[in-house]
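The values are calculated or read from the model by the stated rules, or taken from the named source; none is laboratory data. Values in this document were obtained by computation on a predicted structure and should not be read as measured data. Counting neighbours? That spans all protein chains shown, and the Cβs are built from the backbone with ideal geometry, glycine included. Side chains included, ligands, DNA and RNA excluded: accessible areas come from the protein's heavy atoms. Shrake-Rupley method; radii C 1.70, N 1.55, O 1.52, S 1.80 Å.
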Amino acid sequence: MMAFNALRRRDVWLSACIVVGGFAYAPQVRGAERTGAVSYTAEQAEHGAALYKQNCAVCHGGTLDGAFDTPSLRGRLISNWSGTTLDKVFHYISKAMPLFAPGSLKPADNAAIVAFILRENDVAPGPRELPSDEGALKKISFPSVGGKRAKKTSSTSP
Amino acid sequence: MRGFGVDSALGKFDIVRRRDVFAGSLALGGLAAGRALASDPIAAGLPASSAGGAKATGESERTALPGTIPPLVPIRAHVDQIVDIKVCLRPFRPMGPRLDVERIGDKLVVHNYGHGGSGWSLSWGSAEIAVGKALTALPRQVAVIGCGIVGLTSALVAQRAGLDVTIYTKDMLPHTRSVRANGSWTPDSRIALTTPAGPEFGDLWERMARYSWKSYRDYLGLPGNPIEFRDSYILSDKPFGSTQEFASTGPGDYASNGMPRSASEFAHYSDRIRDVIPAAEVIAAHDNPFPVAYAKREAVMIFNFGGYGHLLLSEFYQAGGKVVIREFHAPSDLKGLKEKVIINCPGLAARDWWSDKTLIPVRGQTAWLPPQPDVKYGVRYNGVSALSKSDGILIQGFNASGLGEMDGVGNSFEHADRMEAENAVTTIGGLFSRFSPRRG
């Protein structure tokens, strides 16, 4: 019964999808098309994971979900930074984080943390490390979900 | 619903990946001192002696300070005072509430349903998770399906995230099922079965519970008391601490039957947040105003349906929200919606409209007597709870069957049982017929 329902529904929607023209939310986060694709290495993200645990998890939580008074670094993060380039989030982290010792991490470490956050938001790793200078990062768009990018950048922080 | 096979990566990500790296940093809940838990056994279906009683760890409970028992106006519990009997069906999912993401055609559907007897308690935290997932699709507007407590809070959280929200619902308050609940903080009442939910769910539960608990603080002390704390007196003729054995309803368990068979299969997580939940305190015999040998007291957060429901709806409208009365029958009905991102909060109706056969109805009933504004407390005694709320004195038998949390499982008879109501009222009436109010 369940399988039958599922099949039937999928058929209906498949055809609807084709008629509409194929716009659909891809479940995977895609890299930016306009500028250089996002790339970070698995090792870099792993290094970022260790740094995150030491410097960030105390507030943002082990699962990056934040808490009542701390922003989530998943989900809402995408909408908060969507439409910007990666230098923006890198700059913010470099200047403002960790909150108890702002600016205390090296640029390479902050890039590793960005790489880790991207990984945890389902951005796949690539062949090249994420750069740690703002000039290079300015050429990389913040990844978004799906084929459609909202024009507005979210001005309503959680 | 796994039959769809289209759980998005977002949903899977949640389940699989997030815990791996940082299990070690998550021990915050473990900082709690060894205190007795203030969970409300009313909806949990537990006798006071097991939920609020001395814990197996042998810790001793604090005794309430002398003079802290205020004069208590008796509850006027008589069968001839019943003004209403409300029956609801809790939307119970053995694996815990559904919060995954599905792609249906050009729609992204974020599910938020199946909270058992914990929907009110977990609503804000669950909404926060659902809205977070919806935001990854960068919507400007979202549809929320359902206008029960989970739908309303999802809509408000989405508005607070800057989205335009339309609620599509077949019913408004007071016809939504959730307002037929008990309305107390019971965050792990029939929220899951331990085995199907798995060890990961405890972390998700804790996140929802902590977020909700903090959210509710924003609604305390407002006109009309939408949310307030009440002293709840846990009364017993026998010493606390004796654990009751619950009968099974048949052989096997959920894994073998597709239905739980014993209260012992139900999951409990409240210990994880007892660092922020007021503990029960023992009332010394010479301070005990009740005609029972043993008494404890705990502060319980309650939700007054009328004031709170109208307040949430007013907030929603004031923020530009729209409500469209509409009934959905199959996922293909979503085609007609203009919104591409949908937060699905149908509660038990998901069994029909989304063909979610994992949902198990769990029947619960409450009897209501006229409000007694001068009664500012509740009691629990012999498997019955009485609680003074702004819209009436609520009386509920929570363990008439002796089955604990199995009480009402699989029972979808959503009609009043007058005899059950009268028995519960009579239990409380008998207690107060022996009660000698002190002069204040």
- Sparsely packed GluC sites (Glu not before Pro) within region B:309-348, loop by DSSP, other Cβ within 10 Å at most 16: B:Glu327
- List the chymotrypsin sites (Phe, Trp or Tyr not before Pro) within region B:334-440 that fall in a DSSP loop (any state other than H, G, I, E or B) and whose Cβ has at most 16 other Cβ atoms within 10 Å. B:Phe413, B:Phe435
- C-alpha center-to-center spacing [region B:221-260, region B:169-220] in angstrom: 15
- Note on the structure: So the angle from the long Cα axis of helix B:418-433 to the longest Cα principal axis of chain B, reported in degrees to the nearest 10, equals 40
- Message: Using a Gaussian network model on chain B with a 10 Å cutoff between Cα atoms, which of B:Asp374, B:Asp356, B:Asp203 fluctuates the most?
- Response: B:Asp374
- Most to least packed among A:40-51, B:214-225 [average Cβ atoms within 10 Å]: A:40-51, B:214-225
- Message: I want the antiparallel fraction of DSSP beta bridges within chain B, as a percent rounded to 5.
- Response: 65
- Rounded to the nearest 500, what is the 222 nm mean residue ellipticity of chain B from helices alone, with -39500 (n - 2.57) per DSSP H run of 4+ residues and division by all residues? -7000 deg cm²/dmol
- For region B:229-289, what is the charge dipole size about the Cα centre, in debye to the nearest 20, if Lys and Arg each add +1 at the Cβ and Asp and Glu each add -1 at the Cβ? 140
- Using a 1.4 Å probe over the heavy atoms of the protein chains, calculate the carbon and sulfur portion of the accessible area of region B:363-422 as a whole percent. 53
- Note on the structure: Buried accessible surface, A vs B, both sides, probe 1.4 Å, in Å² to 100, equals 4100
- Note on the structure: Computed about the Cα centre, the charge dipole of region B:47-433 from +1 Lys/Arg and -1 Asp/Glu charges at the Cβ has a magnitude in debye, to the nearest 20, of 820
- Semi-axes of the equivalent ellipsoid of chain B: what are they in whole Å, largest first, if each equals the square root of 5 times a C-alpha gyration tensor eigenvalue? 36, 24, 21
- Where a ≥ b ≥ c are root eigenvalues of the Cα gyration tensor, a/c under 1.5 meaning rounded, otherwise prolate if a/b exceeds b/c and oblate otherwise, region A:70-128 counts as oblate
- Task: From other protein chains only, count the Cβ atoms within 10 Å of every residue's Cβ in B:158-164, then give the mean.
- Result: 3
- Item | Average beta-carbon neighbours from other chains, 10 Å sphere, peptide B:326-335 | 2
- Task: Quick one: check the C-alpha center-to-center distance for region B:266-306 versus region B:131-148, whole angstrom.
- Result: 37
- Item | Per-residue HN-Hα couplings for region B:338-355 [Karplus 6.51, -1.76, 1.60; θ = phi - 60°; Hz; x = Gly/Pro] | 7, 6, 8, 10, 10, 9, 9, 10, x, x, 4, 4, 4, 4, 8, 7, 10, 6
- Message: Per residue, how large is the accessible surface of region B:191-245? Use a 1.4 angstrom probe and give square angstrom.
- Response: 46
- Please work out the C-alpha center-to-center distance from region A:32-111 to region B:348-415 and express it in whole Å. 45
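Per residue of B:200-206, count partner chain C-beta atoms within 10 Å of its C-beta, then hand back the mean as an integer.
That average works out to 1.
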